[in-house]
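Below you'll find the structure, written out as structure tokens, and then a few comments.
Every number here is computed from the coordinates shown, using simple stated rules; none is lab data. Please read these numbers as outputs of a predicted model, since none were measured by experiment. Here Cβ is always computed from backbone atoms with ideal geometry, including for glycine, and neighbour counts include all displayed protein chains.
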Amino acid sequence: MRNIFRFSKLIPQSKEDYSQLLAIHGLTQSPFVSILVPARNEERLIRQCLESLAKQDYDNYEVIVLDDRSTDRTAKILDELSLQFPHVRIIKGKELPEGWVGKNFACHTLSLEANGDYLLFTDADTIHNPQTLTSSMSLFLRQKLDFITLIPYEEMVSWGERIIIPMIHFLYFAYLPNDIITKSKKASVSAANGQFMFFTREGYQKIGGHITVKNNIVEDVFLAKEIKRHGLRMALVDGTDMVFCRMYTSFIETFNGFSKNLFAGFGFDLPLFIFFLVHLFVLYIVPYFTAIFLVIYNNEIPQALIILGVINVVIPIIIRLTMSLRFRLSYSAAFLHILTALYSIAIGINSLRWTYSKRGIQWKGREYNKQSLQ
């Protein structure tokens, strides 16, 4: 994790430093950025989200929000905010065309309205530090990137959230070291977070934008793969000090949200997905029973095997504790990694059940059957 860029270290120390960075790249002012926010039934946090985006210390940007046919108070809140902040523009979503996932069509529609040289797609339940845009642009220019995505600070209140959500961090950083994600040209070693996807317009257009993933329910990962396939440069960033989010608000919401994405994230490759679930069981659950067995029968089993069994239990916990330190996750939940693995397997089974059911995957009042998805 030492190679993960930390946003707080990218903030220019002064306006003069930032001006010098722009000058090095032949710029006399900050590039124009379009912040694009799809919103469907987001009354819980949409006000805080847009207030944080409207108060960026960056000097050249616009905010466009698409109300995706919300049925709650989202539209009313957006109307109030547009009066308060003139550079926030609200557009209305159209009926979802056949063959599109709702969020992808909303993002595509937003991209057609955007005027920026850079496009930031961010979720309506995120809250942004005032220096997020400036820090992002500094990283773009210093590293000559085409795409930035980040891991925000994930607020987790219920134990269901604390147990399940850190699996994202574990899979990202225990299985895909950031140095490989950033430097490897292989599309198979890609990762992204749909809560924050920041493109150069040129890069976004080169990969075909959201049209490329129009029927993919896990659009973020597959957009990152397209970035790699087109020879563009990306970075996965530690954004825990810049972007804040409470992804879900309860155990059942967390369980269902992960069920929506998990099998789809494997491209609906059933053998690979089964292997993944089996590997979770073998690596993170079996060692507990093995260790208990070895301790009970320690008089009949070599000491080296007992130590090995205990090590197999301890190593994932150490990894989790390291991630808890870096990303401000729950330390106590790190000792419950066996539960994280168990729930991940249960979520995987539920994801399979949803995918192969007649109704398909359900999310925010819409249904997607496997035939309509990638």
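Can you tell me the length gained on complete extension of the stretch Leu321 to Glu155, counting 0.36 nm per residue apart and subtracting the Cα distance?
58.1 nm
Calculate, axis by axis, the spread of Cα positions in the stretch 160-219 along the three principal axes, and write the results as whole Å, longest axis first.
Principal extents (Cα only, largest first): 38, 27, 18 Å.
Could you calculate the FRET efficiency of Phe255 with Lys183 from 1/(1 + (r/R0)^6), where r is the beta carbon distance between them and R0 is 41 Å, rounded to 0.05?
After rounding, the FRET efficiency stands at 0.70.
Write down Rg/Rh for the chain, rounded to two decimals, with Rg from the C-alpha atoms and Rh from the Kirkwood relation over Cα pairs.
Dividing the radius of gyration by the Kirkwood radius yields 0.99.
Helix 166-175 against the longest principal axis of the chain: what's the angle in degrees, Cα atoms only, rounded to the nearest 10?
80
Can you give the log10 of the normalised intensity I(q)/I(0) at q = 0.12, 0.14, 0.19, 0.23 Å⁻¹, computed with Debye over equal Cα scatterers of the stretch 254-372?
-0.58, -0.73, -1.02, -1.20
In degrees from 0 to 90, rounded to the nearest 10, what is the angle of the helix 337-356 Cα long axis to the longest principal axis of the chain?
70
Can you pull the percent of Cα pairs in the stretch 181-284 with separation above 25 Å?
Pairs farther apart than 25 Å: 30 percent.
Quick one: among Asp146, Asp238, Asp59, which has the greatest mean-square fluctuation in a GNM of the chain with alpha-carbon springs under 10 angstrom?
It is Asp59.
Would you calculate the separation in nanometres between label points at Asn312 and Tyr356, each defined as 7 Å from the Cα along the Cα-to-beta-carbon direction?
2.9
For the stretch 59-190, what are the per-bin percents of Cα-Cα distances with bins 10 Å wide, up to the bin holding the maximum?
Percent of Cα pairs in each bin: 9, 29, 36, 23, 3.
For the pair Val282 and Phe32, how long in nm is the line joining their label points, each one 7 Å along Cα→Cβ?
Result for the modelled spin labels: 5.5 nm.
Spin-label point model (7 Å from Cα, Cβ direction): what's the Phe293 to Asp269 distance in nm?
About 3.1 nm separates the two model spin labels.
Of the listed pairs Lys186/Lys214; Lys15/Lys206; Lys92/Lys228; Lys76/Lys364; Lys214/Lys364, which have alpha-carbon separations greater than 24 Å here?
Lys15/Lys206; Lys92/Lys228
What is the angle, in °, between the Cα long axis of helix 286-296 and the longest principal axis of the Cα atoms in the chain? Nearest 10 is fine, range 0 to 90.
That helix lies at roughly 30 degrees to the long axis.
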